[in-house]
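Below: the structure, in structure tokens.
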Ligand code: UGA
């Protein structure tokens, strides 16, 4: 096979950049990770990982000899492939802010030289950005040549919390660009495509897994695939939530309904969990990104609009359930289990718990919030919110008029509920992630179904 080690530069050391650097070093390449943040680079040089991602620290440590961290762009000169993995945060109007992509391209350009170099967009960028980056490189480089330098779109599909597994054993690798540039990328990814690397201890190869499909497309199609994939997943979640709302009203059970439809292989059983809806840095931004792209071209995207509306309505509906039970929230003490937007991450971006805490406080409640991992981050990033930190899970229950499950952490799935509910002033659990499977000594409200309560408390 073509498993020649290459030199790679990875610009940006966020989730995508760190994952990409770890993956490429693990499959045998020499990687230089570049970031403008002196602080992040200093941490990485001390072998500290700035984000919480299971197994990532071990993987990075095991490939240390092939990894260099720096704030300088010089390594671009000897790189065969340069990955742009910088952030594209939503701007004020919801469209991605490209300033970091632009400055990365401008910083890369002066270091391009005589040998073939592919510049890869791995950040999620609006459709058309690949061509835009090509123009930026041309503008800022005297050595840029269309024969030797090409931009490829290689979108990332990893999930936070399972990033290692997702990048080592992907369903597909999407490569958009000219045939030559795409061929260069298949050489880089050969050990991944052929699965010839040794699986790391922290992410064993799943038994059923063989190898990823390689999808070769135009630049624009690859850029669109990234958005369309996230938008479709967002759509599935909102669909499940909409059906859950009606199930509740007609006496159907959303879990049974989704199991029943998911067994149709055309539909698929995953991403149909009703609950508090999606959060995180991707689904909100990418659905909005597509809607904005539509607007730019005078083209309505009513399906996506509706998916967004349903998602944020879900957060209000959960509060309505609470208000229906407590009548008023004034002076009430509410325990919140979970702050991160999903389990196994400390990421708080667009987390449903944020909106719940904000609304509960506005309505006069005292919120006592707990998270197994995200509390320190919340005390920094959610300083604008008023809530108390629960020093332990027990504290979230102490004298509470209700406890809301906002994130389905394993710690909460395995709680001994009956040992905790006696601490409450009123044993009411709003289980907004449907994690309670057996009857407990409390009134339980779930999403889209009657909770498994044997003895409803009246
Ligand atoms: C998502 C995609 O799953 C990745 O494929 C993609 O690469 C990534 O965005 C990205 O664009 O960077 P991520 O945001 O890490 O990954 O999180 P997911 O695990 O997909 O969960 C997204 C949200 O959907 C979470 O808030 C989760 O609670 C919610 N969700 C998920 C549901 O409410 N129901 C479900 O059935 C599944």
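The values are calculated or read from the model by the stated rules, or taken from the named source; none is laboratory data. Model, not experiment: these values are computed from the prediction. Counting neighbours? That spans all protein chains shown, and the Cβs are built from the backbone with ideal geometry, glycine included.
Quick grid of which residues meet (1) closer than 10 Å to residue 449 by Cα; (2) crowded, with 20+ Cβ neighbours inside 10 Å:
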residue	(1), (2)
232	no, no
238	no, yes
244	yes, yes
251	yes, no
254	yes, yes
264	no, no
267	no, no
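Residue-level check: of (1) buried (at least 16 other Cβ atoms within 10 Å of the Cβ); (2) within 20 Å of residue 167 (Cβ to Cβ), residue 61 misses just (1).
Considering only segment 246-301, state which residues are within 12 Å of the ligand (Cβ to nearest atom) and assigned to a helix (DSSP H, G or I). Scanning segment 246-301 gives 254, 255, 258, 262, 283, 284, 285, 286, 287, 289.
Residue by residue, here is whether (1) surrounded by fewer than 19 Cβ atoms within 10 Å (Cβ to Cβ); (2) under 21 Å from the mean Cα position of the chain (by Cα); (3) over 15 Å from residue 445 (Cβ atoms) holds:
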{"residue": "302", "(1), (2), (3)": "yes, no, yes"}
{"residue": "312", "(1), (2), (3)": "yes, yes, yes"}
{"residue": "325", "(1), (2), (3)": "yes, no, no"}
{"residue": "335", "(1), (2), (3)": "no, no, no"}
{"residue": "338", "(1), (2), (3)": "no, yes, yes"}
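Give 119, 193 a once-over and let me know the one that is under 30 Å from residue 295 (Cα atoms), away from the ligand (no atom under 16 Å from the Cβ) and modelled with pLDDT of 95 or more.
On the way: 193 fails: under 30 Å from residue 295 (Cα atoms).
The match here is 119.
For first residues located in segment 200-212 and in contact (Cβ under 8 Å) with a residue 24 or more places away in the chain, partners that are assigned to a loop (DSSP other than H, G, I, E, B) and lie 6+ apart or on another chain with Cβ distances below 7 Å form the pairs 202/55; 203/55; 205/169; 205/199; 206/169; 209/169; 212/170; 212/171. Filter segment 122-135 down to the residues that are crowded, with 23+ Cβ neighbours inside 10 Å and without any contact (Cβ under 8 Å) to a residue 60 or more places away in the chain and list them by number. The answer is 133, and nothing else.
Residues that are outside any loop (DSSP other than H, G, I, E, B) and in contact with a helix residue (DSSP H, G or I) (Cβ under 6 Å, 6 or more places away or on another chain) within segment 170-194 comprise 174, 175, 176, listed in sequence order. Residues that are under 18 Å from residue 154 (Cα atoms) and in a loop (DSSP other than H, G, I, E, B) within segment 67-100 comprise 79, 80, 85, 86, 87, 88, 98, listed in sequence order.
Having 3 or more residues that are touching a residue at least 12 places away in the same chain (Cβ under 8 Å) and either within 16 Å of the ligand (Cβ to nearest atom) or on the phi > 0 side of the Ramachandran plot (or both) is the bar; report the helices (runs of 4 or more DSSP H) wholly within segment 1-66 that clear it.
Details: elements: 15-26, 38-45, 56-62.
Counting at least 3 such residues, we get 15-26.
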